[in-house]
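One structure is given below, encoded as C-alpha cells.
The values are calculated or read from the model by the stated rules, or taken from the named source; none is laboratory data. Values in this document were obtained by computation on a predicted structure and should not be read as measured data. Every residue, glycine among them, receives a Cβ derived from its backbone with ideal geometry; neighbour counts consider all protein chains shown.
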Amino acid sequence: MALSEQARDKFANVSTATLTSVLLKRGFRNTFISGIHLINSDAPRMVGPAYTLRYIPAREDIDTTNSYNDARKHPQRIAIENCPKGHVMVFDSRKDASAASAGGILVSRMYTRGVAGVVSDGGFRDTGDIEKLPFPVYHSRPSAPTNTIRHHALDINQPIGCGDVAVYPGDIMVGDSEGVVVIPQALAEEVADEAFEQTAFEDFVQEKVLAGASTFGLYPPEDAAKAEFAEWRKQHKR
C-alpha cells in the first residue's frame with residue numbers, strides 16, 4: 001500500500017509527540033524508537049516507508065578485513081544501493097554502538113539516491129561529515145570503528161527491531177527533532193488525517209494559552225472552546 005502524497009504532506013507537518021498520542025488511542029504504546037537522536041539539527045522532517053537491514057553479532061572467521069572484496073554480494077552494500085527513493089533506511093544494530101552501522105560515504109550515497117532518511121539504533125562513523133548533509137540521520141552516538149568489528153549484515157527488508165520497536169517493511173517512519181515514530185502501514189492514512197486535525201487544534205490551544213487562557217474548558221475543549229476553535233480555523237484557513 002503506497003503512501004499518498006496527501007498523507008506524506010500531513011506527516012511532514014505534525015510532531016512525533018502528536019503521532020504517539022494518536023497511535024495510543026488505537027492501543028499502540030510502543031512506537032517511539034528509544035535512545036536515538038538526530039545528527040543534523042537543521043535537517044528537514046523525515047517521512048517515508050521503512051526499508052530494513054538487520055545485523056547479527058559479527059564472527060571473526062566470517063567478518064574480516066576482506067568482507068567487502070566482493071561488495072556487490074555484501075548485504076549492507078546491496079541494501080544501500082537498493083533502498084528505494086523516498087524510503088527510510090532502518091538498521092537493526094541491536095542497540096550496539098560499539099561499531100558503526102555505516103559511515104559518511106554510504107550515508108552520502110543514500111542521500112544522493114533520494115532516500116528520505118536513515119535510522120539506526122546503533123551508531124554511525126564520520127558523523128562530522130554526516131552532520132553537514134541536509135538529510136535526516138538518526139543514531140544513538142558516534143562510533144568510529146568499522147561495522148565488521150561488531151556487526152554482520154544479514155536480512156534485507158525483513159521485519160526487525162530498532163530501539164525496541166518492531167519495524168515492518170513499509171511501515172511509515174516519521175522523524176523530527178525529538179526522534180522517530182513508527183506507524184503501521186495499514187493505519188498510515190487515518191493516522192495522518194487525525195494527527196493533522198489534532199495539530200490544528202493544539203496550535204489554537206497554544207495560541208490561547210500564550211495569551212493567558214486557562215486550560216480548563218479548553219484542553220480538552222468544552223462547547224464554547226469548540227465553537228471558538230471552529231471560528232479560529234476559518235480565519236486561519238486550517
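Quickly run through the range 102-130 and pick out the residues that are in a helix (DSSP H, G or I) and of a type in the set (Val, Ile, Thr).
Residues satisfying the conditions are 105, 107, 112, 127, 130.
Looking at the structure I just gave you, is residue 107 surrounded by 21 or more Cβ atoms within 10 Å (Cβ to Cβ), at negative phi and either touching a Leu at 6+ places or on another chain (Cβ under 8 Å) or not assigned by TED's automatic domain parsing to the domain that holds residue 51 (or both)?
Spelling it out, residue 107 is indeed surrounded by 21 or more Cβ atoms within 10 Å (Cβ to Cβ), at negative phi and either touching a Leu at 6+ places or on another chain (Cβ under 8 Å) or not assigned by TED's automatic domain parsing to the domain that holds residue 51 (or both).
Do we find a residue being in a loop (DSSP other than H, G, I, E, B) and within 18 Å of residue 89 (Cα to Cα) anywhere in the range 208-226?
no
Which one of these does residue 7 not meet: (1) buried (at least 21 other Cβ atoms within 10 Å of the Cβ); (2) within 16 Å of residue 179 (Cβ to Cβ)?
(2)
Quick one: is residue 170 farther than 28 Å from residue 62 by Cβ and either part of a helix (DSSP H, G or I) or touching a residue at least 40 places away in the same chain (Cβ under 8 Å) (or both)?
Criteria met by residue 170.
Out of everything in the range 131-152 that is crowded, with 24+ Cβ neighbours inside 10 Å and either of a type outside the set (S, T, N, Q) or assigned to a loop (DSSP other than H, G, I, E, B) (or both), what residue ends up being farthest from the chain's Cα centre (by Cα)?
My answer is 151.
Restricting to the range 153-167, and then to whatever is among the small types (Gly, Ala, Ser), within 16 Å of the chain's Cα centre (by Cα) and not in a loop (DSSP other than H, G, I, E, B), can you tell me which residue is nearest to residue 31 (Cα to Cα)?
166
Out of the range 15-39, which residues are assigned to a loop (DSSP other than H, G, I, E, B) and under 16 Å from the mean Cα position of the chain (by Cα)?
Correct list: 15, 30, 31, 33, 34, 35, 36, 39.
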